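The values are calculated or read from the model by the stated rules, or taken from the named source; none is laboratory data. Predicted, not measured: the structure shown is a model, and the values here were computed from it. Neighbour counts are summed over all protein chains in view; Cβ atoms, including those assigned to glycine, are modelled from backbone coordinates with ideal geometry. Keep in mind that these areas ignore ligands, DNA and RNA; they rest on the heavy atoms of the full protein, side chains included. Shrake-Rupley method; radii C 1.70, N 1.55, O 1.52, S 1.80 Å.
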Amino acid sequence: MGLAIAHQLARRGAAVQVLSRRRTEAAGFVAAGMLAPHAEGLRGDLLALGQASLARIPAWVAQIEADSGLRCGLRPCGIVVPFASTAERDAYATAAWGQALDREGLEREVPGIGPTWRAGLLFAQDGQIDNRRQLMRALERACVDLGVQFLEGSDVQALEQDHSGTLTAVRLRTAEGDNQRLATDRAVLTCGAWSAQLLPQLPIRPVKGQMLSLQGPRRALDRVIFGPGTYLVPREDGLLVVGATSEPEAGFREGLTPDGQRQLQAGLTALLPAAATWPPMERWWGFRPCTPDEGPLLGPGPIQGLWLAAGHHRNGVLLAAITAALIAAALQPGHAEVVAADPAADDDNRDWLHSFRWDRFNPAAP
Ligand SMILES: Cc1cc2nc3c(=O)[nH]c(=O)nc-3n(C[C@H](O)[C@H](O)[C@H](O)COP(=O)(O)OP(=O)(O)OC[C@H]3O[C@@H](n4cnc5c(N)ncnc54)[C@H](O)[C@@H]3O)c2cc1C
């Protein structure tokens with residue numbers, strides 16, 4: 001979120017600093033990169049936000065690729081969700097957006113799929129992007145080329161406000177251990193799963209996820225397979241990304257666990273038995289930022305001048321395009337001038353910030 005928003009702000013001519021404690025801990029480097037509002041079975045406003053972001057992704061990626069000179073690894077490859085029965089398939093939240101598959105259709109779309117799956121949904125409109133190896137680096141490059149200043153190793157410790165509740169400064173500790181105060185009246189909080197450490201009133205908690213990748217034959221799998229508890233994401237070069245555990249009880253406990261890795265291996269074997277013998281390349285983990293309704297917190301925060309773009313849980317890669325457009329448009333001083341050129345800056349989208357306001361869980365909130 002920090003990179004995507006910095007990029008959009010810099011494109012609009014703003015001077016931007018990115019304060020980052022540790023870039024490699026970001027879930028942006030952990031995720032599988034599925035662009036999957038339908039395959040994930042999202043509902044309500046979150047489904048609509050995901051669909052709006054999905055529609056923006058090709059143009060957003062083209063901008064990043066043009067600004068950085070690097071590829072992002074976007075693959076509109078479609079996602080297949082397999083089910084044990086047609087009844088389960090037809091009850092899926094987003095079934096209406098998919099193409100219903102019987103066993104024969106499943107075998108056609110996913111040659112070699114395991115025998116337990118009797119039905120499926122093909123979401124041809126969903127896809128993937130190689131966030132870990134390509135998108136994140138391309139975003140960083142684009143930001144640097146547009147003049148964004150990175151302060152890597154800056155651990156933000158507190159947000160200062162005046163007596164009227166307006167942001168006045170950000171206090172941070174540098175990698176060298178010095179304390180610094182950066183005076184500012186505007187900032188965007190994009191601290192992912194760690195956001196509530198800075199602002200305890202934000203309802204965001206970590207949900208740990210473990211991953212692994214395998215070295216598969218190129219084109220062994222064309223579609224993403226999104227099974228219950230495990231998904232397989234085939235990259236262009238044959239790398240197969242296998243995800244992911246969901247461990248809210250782990251808090252911020254770092255590291256792989258035998259149970260988590262066994263779970264991924266079992267899910268892999270059930271989905272694509274032949275892949276069970278492909279050699280593992282890498283294993284890693286990270287923390288999803290989860291809110292009570294699993295939707296993000298977007299828009300003005302509890303301190304005046306502080307904006308929020310956090311809590312994107314399982315869908316932050318998908319939602320980065322629309323989040324960056326919404327927040328950059330809202331922060332743009334000459335906002336009205338870009339309305340015609342930028343569909344994210346219209347009335348409809350002002351409703352997005354309301355739908356995903358941070359205090360929506362409080363029954364007293366308007
Ligand atoms: C296992 C797993 C699989 C996933 N798969 C997908 C997927 O397939 N598709 C999808 O759309 N999404 C997926 N996600 C979700 C997605 O990765 C997240 O929603 C998204 O990365 C959140 O972005 P963010 O910028 O809010 O947080 P992050 O990417 O976590 O970045 C937060 C950054 O804030 C920094 N930070 C935190 N506190 C401070 C502080 N006090 N001072 C300075 N810096 C600070 C951190 O160092 C970090 O760099 C997955 C996530 C996980 C963990």
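Computed quantities for the displayed model
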{"item": "Gaussian network model of the chain, springs between alpha carbon atoms under 10 Å - residue of H38, H313, H163 with greatest fluctuation", "result": "H163"}
{"item": "With all protein chains modelled, accessible area of E282 [1.4 Å, Å²]", "result": "90"}
{"item": "Share antiparallel - DSSP beta bridges, the chain, percent rounded to 5", "result": "85"}
{"item": "Dipole in debye (nearest 20) - the chain, about Cα centre, beta carbon charges: Lys, Arg +1; Asp, Glu -1", "result": "660"}
{"item": "Accessible surface of M1 - all protein chains present, 1.4 Å probe, nearest 10 Å²", "result": "50"}
{"item": "Solvent-accessible surface ranking, highest first, for E88, E176, E40 at 1.4 angstrom", "result": "E176, E88, E40"}
{"item": "Portion, in percent, of the accessible area of the range 1-44 that falls on carbon or sulfur, probe 1.4 Å", "result": "50"}
{"item": "In Hz, Karplus ³J(HN,Hα) per residue of the range 318-324 (6.51, -1.76, 1.60; θ = phi - 60°; x = Gly, Pro)", "result": "3, 7, 4, 5, 6, 4, 5"}
{"item": "Rounded tilt (10° steps) of 136-145 against the dominant C-alpha axis of the chain", "result": "30"}
{"item": "Gain on full stretching of the segment that runs from Q215 to R71 - 0.36 nm per residue minus C-alpha separation", "result": "49.7 nm"}
{"item": "Table column - 3J(HN,Hα) (Hz), the range 184-194, Karplus curve with 6.51, -1.76, 1.60, x for Gly and Pro", "result": "6, 10, 8, 7, 10, 8, 10, 8, x, 4, 8"}
{"item": "Sequence-separation-based contact order of the chain, relative, with Cα cut under 8 Å and 6+ spacing, percent", "result": "21"}
{"item": "Of P37, P300, P234, the one that fluctuates the most in a GNM where the chain has Cα springs shorter than 10 Å", "result": "P300"}
{"item": "Note, ³J(HN,Hα) from phi for the range 54-67, Karplus 6.51, -1.76, 1.60, rounded to Hz, x at Gly and Pro", "result": "4, 5, 7, 4, x, 5, 5, 5, 4, 4, 5, 5, 5, 6"}
{"item": "Between helix 258-271 and the chain: long-axis angle, C-alpha atoms, 0 to 90°, nearest 10", "result": "50"}
{"item": "Dipole of the range 67-124 [Lys/Arg +1, Asp/Glu -1 at C-beta], most positive-end residue of V80, L70, P111", "result": "L70"}
{"item": "Calculated P(r) tail over 35 Å for the chain, as whole % of Cα pairs", "result": "24"}
{"item": "Residues of the range 90-239: accessible area per residue with a 1.4 Å probe, Å²", "result": "47"}
{"item": "For the chain, built as a Gaussian network whose Cα springs stay under 10 Å, the top-fluctuating residue of D222, D90, D162", "result": "D162"}
{"item": "Carbon plus sulfur fraction of accessible area for the range 86-202, probe 1.4 Å, in percent", "result": "48"}
{"item": "Alpha-carbon Rg/Rh ratio, for the range 1-138, with Rh computed the Kirkwood way", "result": "1.06"}
{"item": "Charge dipole magnitude, Cβ of K and R +1, D and E -1 - the range 11-103, Cα centre, debye nearest 20", "result": "440"}
{"item": "Viscosity 1.002 mPa s, 20 °C: Kirkwood-radius Stokes-Einstein D of the range 160-206 over Cα pairs, µm²/s", "result": "176"}
